[in-house]
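K.L.:
Sharing a structure below in structure tokens format, with a few things to ask.
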Amino acid sequence: MLKKLILVAVAAAFAAAPLPSLAQGKKDSVVMGMTLEPPGLDPTNAAAAAIGEVTLYNVYEPLTKINEDGSVSPLLAESWQASPDLKIYTFKLRKGVKFHNGEPFDSAAVKFSYERNAAPTSTNKDKSLYQAFESVAAPDAETIVVTLKYSEPNLPFLIGQAAGSIVEPKSAPTNVTQPVGTGPYTLGAWAKGSSITLAKWPDYRNAAAIKLSKVTIRFIGDPAAQVAALLSGDIDVFPRAAVQRSVAQFKADPRFNVLVGGSRAKTIVGINERRKPLDDVRVRRAILAAIDRKAMIDGAVDGFGTPIGSFYTPGSLGYVDTTGINPYDPEKARNLLAEAGVKTPLELSLKLPPPPYARQGGEVLAAMLAKVGVTAKIENVEWAQWLSQVFAGNGPHNFDLTIVSHVEPFDLVKITEPDYYLGYNNEAFNALYKQITATPAEAERARLLGDAQRMLATDAVAGFLFQPQWITVANKKLKGVWKEVPQFENDFSAWSWE
């Protein structure tokens, strides 16, 4: 009898209690996974793509916004007009916008941001773009006029990237750790080595449209740990996850959406041409001839990639297939090394950043090079070390070889920069690039871009490997997550729960 009374009481309690979903309301927070932790939170002063993954369109906003299909729409600029020669762009700015610290957004902030990006001391990854601005004029508080030194049809896209984020002048020096922007989120907390939390900013100009009140970003580099976190439900979504070997498992699980999207990224073997014997084109061609791209794609990213032969990707204006210029040919590699007078085994350093494609790809590359008499000594480094030792424009460029994905869609200009980490300084290529930028006609520009790709392949500027396909795994009820990846970003303002 007592047992029956207890059961009745428990049943009554459950009946009286509201259902959890009704009591809690609609879910309004997300836990996202990221492979790399950003070294700071100012995308205008460092090259790491992870900074933009956290902050772009969330904390900071540029004048324009890049959409999933690669199109560009207004953001802090309401509209813009270009001159017929594509050298002068006039932007009309959005009214009534404020920064997180209460300061007004206006043309003075845009002028400050762009001129700061172009300053001699700037470390902005797109510094060369902003230095190509002949002038930045602010005729009134709501108008910006950018005059370029050359035609640039892609300017609205280029300034919509993370490096084009508009910063508040007084807060700019501390944005690395205390970011201030105009976006819908502010920094809630940063547990170094573990997670970052963003909180919805209640004073955002369109706060009612922002469905997520909190986003927690957890940093998980190990592929097995990424899989485990998703399967356990600890992570709601993992954009660009290193889970190639578990795709079938996630596709078979009804809890998940698996999004395999294209990109404009370029995964390459970076070659330091400042060092001998890598300054000899025959040695660089030998390295390329030693690489089986298909085996590299299989080993580094489990087949999720498309072979490329230059610093350019399929789908881009003027793309030409240059993979046949430096095909896999180990015998040719050995002959080229002998022709260059290289005594084997040739020892070269191979510095690898943390992403799995680099670490796994590095093992494959070392095995391939060993077959032609090149010993690649692998050194795994953390991201900050890689940026400072390998990539930084002011040196020391302390490496022979590396593997990295360049994720920016339009970055041929990087090859012309004298301090670029690859060390390729070719006046003929620089002149060709200037001709490209001076050509507003699309058909002629496309032809010249083909010439540029062939020159980079012929000069073996790098070991061009593949265009990666990015895999995103998300809870099926989470909406707004992108499949295609024109650039690395996570637009939390568009995310919501079903």
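K.L.:
Answer yes or no as to whether T143 is within 20 Å of P169 (Cβ to Cβ) and touching a residue at least 40 places away in the same chain (Cβ under 8 Å).
P.N.:
Details: within 20 Å of P169 (Cβ to Cβ): yes; touching a residue at least 40 places away in the same chain (Cβ under 8 Å): yes.
For T143, the condition - within 20 Å of P169 (Cβ to Cβ) and touching a residue at least 40 places away in the same chain (Cβ under 8 Å) - is met.
K.L.:
Output the number of residues of the range 80-92 satisfying the condition of being in a strand (DSSP E or B) and within 21 Å of P440 (Cα to Cα).
P.N.:
The total comes to 7.
K.L.:
Still on this structure, I have one more. Check whether at least one residue in the range 354-361 is touching a Leu at 6+ places or on another chain (Cβ under 6 Å) and among the basic types (K, R), and report yes or no.
P.N.:
So far as the range 354-361 goes, yes, one or more of its residues are touching a Leu at 6+ places or on another chain (Cβ under 6 Å) and among the basic types (K, R).
K.L.:
Might you let me know whether the range 415-428 holds any residue that is in contact with a Gly (Cβ under 6 Å, 6 or more places away or on another chain) and surrounded by fewer than 19 Cβ atoms within 10 Å (Cβ to Cβ)?
P.N.:
For the range 415-428, residues in contact with a Gly (Cβ under 6 Å, 6 or more places away or on another chain) and surrounded by fewer than 19 Cβ atoms within 10 Å (Cβ to Cβ): present.
K.L.:
Out of all the residues in the range 256-267, is one or more among the charged types (D, E, K, R), under 25 Å from L412 (Cα atoms), buried (at least 17 other Cβ atoms within 10 Å of the Cβ) and touching an Asp or Glu at 6+ places or on another chain (Cβ under 6 Å)?
P.N.:
Within the range 256-267, not a single residue is among the charged types (D, E, K, R), under 25 Å from L412 (Cα atoms), buried (at least 17 other Cβ atoms within 10 Å of the Cβ) and touching an Asp or Glu at 6+ places or on another chain (Cβ under 6 Å).
K.L.:
While we're looking at this one, here's another question. Is it true that A248 is at negative phi, among the aliphatic types (A, V, I, L, M) and crowded, with 20+ Cβ neighbours inside 10 Å?
P.N.:
Working: at negative phi: yes; among the aliphatic types (A, V, I, L, M): yes; crowded, with 20+ Cβ neighbours inside 10 Å: no.
Here the answer is no, as A248 does not meet what is asked.
K.L.:
Of the residues that make up the range 102-115, is at least one among the aromatic types (F, W, Y), open to solvent by 50 Å² or more (accessible area, probe 1.4 Å) and within 27 Å of the chain's Cα centre (by Cα)?
P.N.:
Residues of the range 102-115 among the aromatic types (F, W, Y): 105, 112, 114.
Adding the requirement that they be open to solvent by 50 Å² or more (accessible area, probe 1.4 Å) leaves 112.
Next, from what is left, pick out any that are within 27 Å of the chain's Cα centre (by Cα): 112.
Within the range 102-115, one or more residues are among the aromatic types (F, W, Y), open to solvent by 50 Å² or more (accessible area, probe 1.4 Å) and within 27 Å of the chain's Cα centre (by Cα).
K.L.:
Of all residues in the range 50-69, which are open to solvent by 30 Å² or more (accessible area, probe 1.4 Å) and either of a type in the set (A, V, I, L, M) or at pLDDT below 95 (or both)?
P.N.:
Taking the range 50-69 and keeping what is open to solvent by 30 Å² or more (accessible area, probe 1.4 Å), we get 65, 67-69.
Correct list: N67, E68, D69.
K.L.:
Could you look through the range 34-49, keep only residues that are touching a strand residue (DSSP E or B) at 6+ places or on another chain (Cβ under 9 Å) and under 19 Å from S405 (Cα atoms), and pick out the one that is most open to solvent (accessible area, probe 1.4 Å)? Let's see the steps before the verdict.
P.N.:
Just the residues of the range 34-49 that are touching a strand residue (DSSP E or B) at 6+ places or on another chain (Cβ under 9 Å), to begin with: 34-38, 41-44, 49.
Restricting the remaining residues to those that are under 19 Å from S405 (Cα atoms) gives 34-38, 43, 49.
Values: M34: 3, T35: 33, L36: 33, E37: 51, P38: 5, P43: 5, A49: 30 Å².
Filtering first and then ranking leaves E37.
K.L.:
Further, regarding this structure: Restricting attention to the range 217-240, does a residue exist that is on the phi > 0 side of the Ramachandran plot, open to solvent by 20 Å² or more (accessible area, probe 1.4 Å) and at pLDDT below 95? Break it down stepwise before answering.
P.N.:
Step one: list which residues in the range 217-240 are on the phi > 0 side of the Ramachandran plot, which gives 233, 240.
Retained after the next criterion (residues that are open to solvent by 20 Å² or more (accessible area, probe 1.4 Å)): 233, 240.
Filter once more, keeping what is at pLDDT below 95: 240.
Yes, some residue in the range 217-240 is on the phi > 0 side of the Ramachandran plot, open to solvent by 20 Å² or more (accessible area, probe 1.4 Å) and at pLDDT below 95.
K.L.:
Run down E363, E347, E379, E339 and say which single residue is at pLDDT 95 or above, within 29 Å of N124 (Cβ to Cβ) and among the acidic types (D, E).
P.N.:
The unique qualifying residue is E379.
K.L.:
Can you go through I271, I308, I287 and tell me which one is at pLDDT 95 or above and in contact with a Ser or Thr (Cβ under 8 Å, 6 or more places away or on another chain)? Working first, answer last.
P.N.:
Numbers: I271 fails: in contact with a Ser or Thr (Cβ under 8 Å, 6 or more places away or on another chain); I287 fails: in contact with a Ser or Thr (Cβ under 8 Å, 6 or more places away or on another chain).
Among I271, I308, I287, only I308 is at pLDDT 95 or above and in contact with a Ser or Thr (Cβ under 8 Å, 6 or more places away or on another chain).
K.L.:
Within the range 280-297, can you find the residues that are open to solvent by 70 Å² or more (accessible area, probe 1.4 Å) and farther than 25 Å from G318 by Cα? Spell out how you get there, then give the answer.
P.N.:
Of the range 280-297, the ones open to solvent by 70 Å² or more (accessible area, probe 1.4 Å) are 282, 285, 294.
R282, the sole residue that qualifies.
For every residue, the table says whether it meets (1) farther than 30 Å from P120 by Cα; (2) surrounded by fewer than 18 Cβ atoms within 10 Å (Cβ to Cβ); (3) touching a residue at least 24 places away in the same chain (Cβ under 8 Å).
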{"site": "Y319", "(1), (2), (3)": "yes, yes, yes"}
{"site": "E331", "(1), (2), (3)": "yes, yes, no"}
{"site": "K343", "(1), (2), (3)": "yes, yes, no"}
{"site": "P356", "(1), (2), (3)": "yes, no, yes"}
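Rundown of residues vs (1) assigned to a loop (DSSP other than H, G, I, E, B); (2) on the phi < 0 side of the Ramachandran plot; (3) out of contact with any Pro (no Cβ under 9 Å at 6 or more places or on another chain), yes/no style:
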position: L41; (1), (2), (3): yes, yes, no
position: T44; (1), (2), (3): yes, yes, yes
position: A50; (1), (2), (3): no, yes, no
position: N58; (1), (2), (3): yes, yes, no
position: G70; (1), (2), (3): yes, no, no
position: E115; (1), (2), (3): no, yes, yes
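K.L.:
Is there any pair with a first residue in the range 407-420 that is without any contact (Cβ under 8 Å) to a residue 40 or more places away in the chain and a second that is not aromatic (F, W, Y) whose Cβ atoms are under 7 Å apart and which are 6 or more apart or on different chains, and what are they?
P.N.:
Note: pairs meeting the criteria are P418/N425; D419/G393; D419/N394; Y420/K414.
K.L.:
Show the residue pairs that are 6+ apart or on different chains and have beta-carbon atoms under 6 Å apart, the first residue being within the range 180-208 and farther than 27 Å from P104 by Cβ and in a loop (DSSP other than H, G, I, E, B), the second being open to solvent by less than 20 Å² (accessible area, probe 1.4 Å) and at pLDDT below 95.
P.N.:
Pairs that qualify, where the first residue is farther than 27 Å from P104 by Cβ and in a loop (DSSP other than H, G, I, E, B) and the partner is open to solvent by less than 20 Å² (accessible area, probe 1.4 Å) and at pLDDT below 95: there are none.
K.L.:
Just the residues that are charged (D, E, K, R) and either surrounded by fewer than 18 Cβ atoms within 10 Å (Cβ to Cβ) or outside any loop (DSSP other than H, G, I, E, B) (or both), please, taken from the range 460-490.
P.N.:
Listed by number, the residues that qualify are K476, K477, K479, K483, E484.
K.L.:
Here is a list: V97, V146. Which entry is within 29 Å of I436 (Cα to Cα) and among the hydrophobic types (A, V, I, L, M, F, W, C)?
P.N.:
Details: V97 fails: within 29 Å of I436 (Cα to Cα).
Sole residue among the options that is within 29 Å of I436 (Cα to Cα) and among the hydrophobic types (A, V, I, L, M, F, W, C): V146.
K.L.:
Conditions: (1) free of Cβ contacts under 8 Å to residues at least 12 places away in the same chain; (2) surrounded by 15 or more Cβ atoms within 10 Å (Cβ to Cβ). L76 meets all but one. Number of the miss?
P.N.:
Only one criterion in (1) free of Cβ contacts under 8 Å to residues at least 12 places away in the same chain; (2) surrounded by 15 or more Cβ atoms within 10 Å (Cβ to Cβ) is unmet by L76, namely (1).
K.L.:
Which one is modelled with the lowest pLDDT among residues in the range 192-206 that are open to solvent by 50 Å² or more (accessible area, probe 1.4 Å) and of a type in the set (G, A, S)?
P.N.:
Pass one, the range 192-206, residues open to solvent by 50 Å² or more (accessible area, probe 1.4 Å): 192-194, 200, 202-203, 205-206.
Right, trim to of a type in the set (G, A, S) and you get 193-194.
Details: G193: 93, S194: 96.
Restricting to residues being open to solvent by 50 Å² or more (accessible area, probe 1.4 Å) and of a type in the set (G, A, S), the top hit is G193.
K.L.:
Return only the number of the condition from (1) crowded, with 22+ Cβ neighbours inside 10 Å; (2) touching a residue at least 60 places away in the same chain (Cβ under 8 Å); (3) not in a helix (DSSP H, G or I) that V176 does not satisfy.
P.N.:
For V176, the exception is condition (1).
K.L.:
Of (1) within 23 Å of T416 (Cβ to Cβ); (2) open to solvent by less than 40 Å² (accessible area, probe 1.4 Å), L337 satisfies all except one. Which?
P.N.:
Of everything listed in (1) within 23 Å of T416 (Cβ to Cβ); (2) open to solvent by less than 40 Å² (accessible area, probe 1.4 Å), L337 misses just condition (1).
K.L.:
Quick check on my filter: what residues within the range 129-154 are part of a helix (DSSP H, G or I) and farther than 20 Å from I66 by Cα? Before you say what the answer is, go through the steps one by one.
P.N.:
Just the residues of the range 129-154 that are part of a helix (DSSP H, G or I), to begin with: 129-131.
Scanning the range 129-154 gives a single hit, Q131.
The values are calculated or read from the model by the stated rules, or taken from the named source; none is laboratory data. Keep in mind it's a predicted model, so treat the numbers as computed, not measured. Because the Cβ atoms are built from the backbone with ideal geometry, glycine has one as well, and the counts that use them run over all protein chains shown. For the accessible areas, the whole protein counts, side chains as well, though only heavy atoms, and no ligand, DNA or RNA atoms are used. Shrake-Rupley method; radii C 1.70, N 1.55, O 1.52, S 1.80 Å.
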